[in-house]
Every structure is written in structure tokens, then in C-alpha cells.
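Taking it in order: structure first as C-alpha cells, then the write-up.
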């Protein structure tokens, strides 16, 4: 694959929210995850766990849990002030129940050497406390998982599958972890519904690269 082909792959990927009623081959999902695990990750800990869900009833139970939480939010007086678009989003939070497959991504916690030192002397060392505060802005495990999911989405797209990266379901994190029996010490951080696409969304424009880039010469 040359740079042009890679650019086409990246630019043609879309977030897919409607799928054909067609099973997804387990081997395709396993192959995509295997490549995703080559993503850069903090300390090469590879502290992620991917759970493939092919059971439609389990996907539906996850969607029910998410929708129940979303309905509660929609019932609050503060929600009315957010406008119609927000209300519509809340009403369809469980849209992914129609996905033939779902990949739940979990991760264990990451502690760097600085984290260990900060835990031991952060109360008495102002410099370490400040460094730890700065570091807390960039959660290492979330960056690691995010890089893997980015790889995963591209490989799924290359395989003819459509997916969408979701963190909204984290509002039902506890319920989903119980449904999926996520191991102790792991936290669910994202859900990726997957299937053969039943839609082809138009591309959304990107800001010009010079609007989002600074060059220091």
C-alpha cells in the first residue's frame, strides 16, 4: 500500500450507525483486533482487553442499559434546556442494538514511575505534585486504547465492515461490565458496534491543515 492508497483508506472511513442484517465473520474481527494490538501504547504494557460480542441478545441488553440511563438524563429538567438536537440524541442512545457485532474495549490502570513516586511523596514535594498534576491531563491508558481503536477502525473499514467508536455507553459502565463479566481490575472504556454497512454517509469537511498546525522554524 502506497501513501496515496493509505490516504484513500483514511479519508473514506465513516462512522457507521446502520448495518445490514448479516452476520460478521468472527475471524475478520479477530484479525482486525490482532492488527490493532500493534498500536503504540504506554510502557508497552498492552493493558487492553477486547471482548467480541456476537450474541444479539447480549448486544440488546447492553443497548437497553444505555437507553435506560439516557432516558433518565432526558427526564431531568436541565435536559429540556439543551434543545431538540440533544433530546433526539438521548432518545436514540441505544441505536446500536441493530449491530450484528460489538467490540467492547477495556483496560487496566497504568502507573508510570512518576505515578509511583507521586503516590509516595506528592504530599511533601511541590515539584512532584505539580508534575503529577500536569501528567494527569494526559491519561496514558486512554491514549493507548485510543491508538488501538483508531487502528481497529481502519482495519475494519479495509475489510468492508462499518463501525462507530462510542464512549456514550460509559454512562452505563457498571451495568455493561456486569453483562460482559469484565475482569476485576479492568475498566470498560469504549464500545465499537460493527457490521456490514447499510449506509454511506457523506464526508464531513476537515479544517485546513494550516488552521490546526503550527510550525516553529
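Quick test for you: out of 80, 93, 118, pick the one residue that is crowded, with 18+ Cβ neighbours inside 10 Å, over 27 Å from residue 15 (Cα atoms) and out of contact with any strand residue (DSSP E or B) (no Cβ under 7 Å at 6 or more places or on another chain). Show your work before the answer.
Details: 80 fails: crowded, with 18+ Cβ neighbours inside 10 Å; 93 fails: over 27 Å from residue 15 (Cα atoms).
Testing whether each residue is crowded, with 18+ Cβ neighbours inside 10 Å, over 27 Å from residue 15 (Cα atoms) and out of contact with any strand residue (DSSP E or B) (no Cβ under 7 Å at 6 or more places or on another chain) leaves just 118.
Sort through 17, 69 and tell me the only one that's at negative phi and part of a loop (DSSP other than H, G, I, E, B). Working first, answer last.
On the way: 69 fails: part of a loop (DSSP other than H, G, I, E, B).
Result: 17 is the single residue among 17, 69 that is at negative phi and part of a loop (DSSP other than H, G, I, E, B).
Among the residues of the range 158-173, is there at least one that is touching a strand residue (DSSP E or B) at 6+ places or on another chain (Cβ under 9 Å), part of a helix (DSSP H, G or I) and farther than 16 Å from residue 102 by Cβ?
No; the residues of the range 158-173 include none that is touching a strand residue (DSSP E or B) at 6+ places or on another chain (Cβ under 9 Å), part of a helix (DSSP H, G or I) and farther than 16 Å from residue 102 by Cβ.
Only one of these is more than 21 Å from the chain's Cα centre (by Cα) and modelled with pLDDT under 85: 87, 74, 126, 57. Name it.
It is 87.
Output yes when any residue across the range 143-161 is more than 30 Å from residue 21 (Cα to Cα), out of contact with any helix residue (DSSP H, G or I) (no Cβ under 6 Å at 6 or more places or on another chain) and either buried (at least 17 other Cβ atoms within 10 Å of the Cβ) or modelled with pLDDT under 95 (or both), and no when none is.
yes
So the check is Cβ under 6 Å with 6+ separation or different chains; which pairs have a first residue in the range 6-33 that's closer than 24 Å to residue 46 by Cβ and a second one that's modelled with pLDDT of 95 or more and part of a loop (DSSP other than H, G, I, E, B)?
Close Cβ pairs (under 6 Å, with a partner that is modelled with pLDDT of 95 or more and part of a loop (DSSP other than H, G, I, E, B)) amount to 28/159.
The values are calculated or read from the model by the stated rules, or taken from the named source; none is laboratory data. Predicted, not measured: the structure shown is a model, and the values here were computed from it. Here the Cβ is made from the backbone with ideal geometry for all residues, glycine too, and neighbour counts use every protein chain on show.
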